[in-house]
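Quick notes on the structure that follows.
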Amino acid sequence: MQQRWRWALGAAVLAIAGLAGAAEPSFQITPVDDAWFKALPMDPQAATNAFMARIPPEVQARANAYFEGGYWLQLWNFLLGLAVAALLLFTPWSTRWRDALRQRLRRPFLADAAYGALYLLAGTVLTLPLSLYQGFVRERAYGLATQDFGAWFGEQLMQTGISLLLGGLAIGLLYAVLRASGARWWLWGAVAMTSVMAVTIAIGPVFIEPLFNTYKPMPEGLLKDQLLRMAQANGVPVDNVLVFDASRQSTRVSANVAGLMGTAAVRLNDNLLNRASPDEVVAVMAHEIGHYALNHIPKMLLEFGVLIAAGFLFCDAVMRALLARWGTRWRIQGMADVGGLPLLAAVFATWMFLATPLLNTIIRVHEVEADLWGLNLAREPLAEAEVLLKLVEYRKPDPGPIEEFIFFDHPSTRTRVFNAMQWRAQLGDGAEP
Ligand SMILES: [Zn+2]
């Protein structure tokens, strides 16, 4: 979730994460036998320490390096985005595109949308070296990617096409709102952008994600039966469980209950199915069903909507001041001129960058809720802790509290295992993994 948010306006509508993914996971959590589980202390802190001690030092060192490198990448992406905006503000190209498109496309919405797509394209091309490093080179270096360069690059092209289309339309819509609603644009603009996000979340599982992965019904069996019962008993309107070939891109373990209203679906990634025991799969899916049952998508849309509205207010104040000083030099004819998009994107990206801890905390709070809800449904704290250890592959397991507050959109492994062990101390073991 987090990476998408860093990237100014256009990225707000990119609801796909076709992350590049190399081979078998090259890390191993120390395996244990039944005797280990039987001897596990009931005390939550002691039990958590026992689980955490199973992460070999070299695995932890690598996870830390990977995850901490991500902090810097957030900064580099932000600064590079600012540099792209500055380049387009201080050179005549951007406003020439605007003027040419205005002449050719008489409808302001179309001209603004086309300009928006062109701006996103310029940003994509200019930041390609960093995207290549972050999405391909680095993922392969850490053994998380399974694609060769051609496959990765092909998916990048598809993603770029989708983001130009959806991002362009969103930008056209935002400037239509800016023209129509004057001083209140920040409010109606936030409503419009949140609506675009809601539509993207609703159509993503049906129209976008199948472009990148194959979704097949899970083979019949006891496990599928149990997952389906769990979903249906908790109001998820589904009649099937889908498995998708995430191993095409990555070794990451994950799952989701995605979509809104009619497009809801319970979806398992094949890495999870191949690398986790049935009890662990049940524990993970109970968490995902929790997101659905607790209405986390509509709630987060509302919370993001408030954050976007506040961000647009911030943009309004900062941009009016900057335009009064520099507007003529930048050839921008007021707030509603799409030629000001680089400035809007830069100021909004600054807002989102500063709001990173808040944004991560909004998501993290929901994740803690879904963890507890999932424990209540699956009643598998040991399987839950076991599968959490497998996420160490791509998330630093044991950060400090301030680091967790700022950078973690999911709680750390230690926090999540501790919550599961606290649940276990009160309500018991469930079945052993
Ligand atoms: Zn979750």
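Here are the numbers for this structure:
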{"read-out": "Which listed residue is in contact with a Pro (Cβ under 9 Å, 6 or more places away or on another chain) and open to solvent by 30 Å² or more (accessible area, probe 1.4 Å), from 294, 222, 273, 302", "value": "222"}
{"read-out": "Test set (1) at pLDDT 95 or above; (2) aromatic (Phe, Trp, Tyr); (3) farther than 30 Å from residue 331 by Cβ - residue 394 fails condition number", "value": "(1)"}
{"read-out": "Any hit, region 257-269, residues being open to solvent by 30 Å² or more (accessible area, probe 1.4 Å), closer than 27 Å to residue 394 by Cα and either out of contact with any Phe, Trp or Tyr (no Cβ under 7 Å at 6 or more places or on another chain) or of a type outside the set (A, V, I, L, M) (or both)", "value": "no"}
{"read-out": "Qualifying residue in region 373-392 (condition: away from the ligand (no atom under 13 Å from the Cβ), surrounded by fewer than 18 Cβ atoms within 10 Å (Cβ to Cβ) and closer than 19 Å to residue 292 by Cα)", "value": "yes"}
{"read-out": "Subset of region 185-207 (residues that are at pLDDT below 95 and open to solvent by 40 Å² or more (accessible area, probe 1.4 Å))", "value": "199, 201, 203, 206, 207"}
{"read-out": "Helices (runs of 4 or more DSSP H) contained entirely in region 267-372, each with at least 1 residues that are within 16 Å of the ligand (Cβ to nearest atom) and within 30 Å of residue 402 (Cβ to Cβ)", "value": "278-293, 296-330"}
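Every residue, every condition in (1) away from the ligand (no atom under 15 Å from the Cβ); (2) at pLDDT 90 or above; (3) polar (S, T, N, Q), yes or no:
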{"site": "222", "(1), (2), (3)": "yes, yes, no"}
{"site": "245", "(1), (2), (3)": "yes, yes, no"}
{"site": "250", "(1), (2), (3)": "yes, no, yes"}
{"site": "258", "(1), (2), (3)": "no, no, no"}
{"site": "265", "(1), (2), (3)": "yes, no, no"}
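The values are calculated or read from the model by the stated rules, or taken from the named source; none is laboratory data. Note that the structure is a prediction, hence the values are computed from the model and not measured. Because the Cβ atoms are built from the backbone with ideal geometry, glycine has one as well, and the counts that use them run over all protein chains shown. All accessible areas refer to the heavy atoms of the entire protein, side chains included, with ligands and DNA or RNA removed. Shrake-Rupley method; radii C 1.70, N 1.55, O 1.52, S 1.80 Å.
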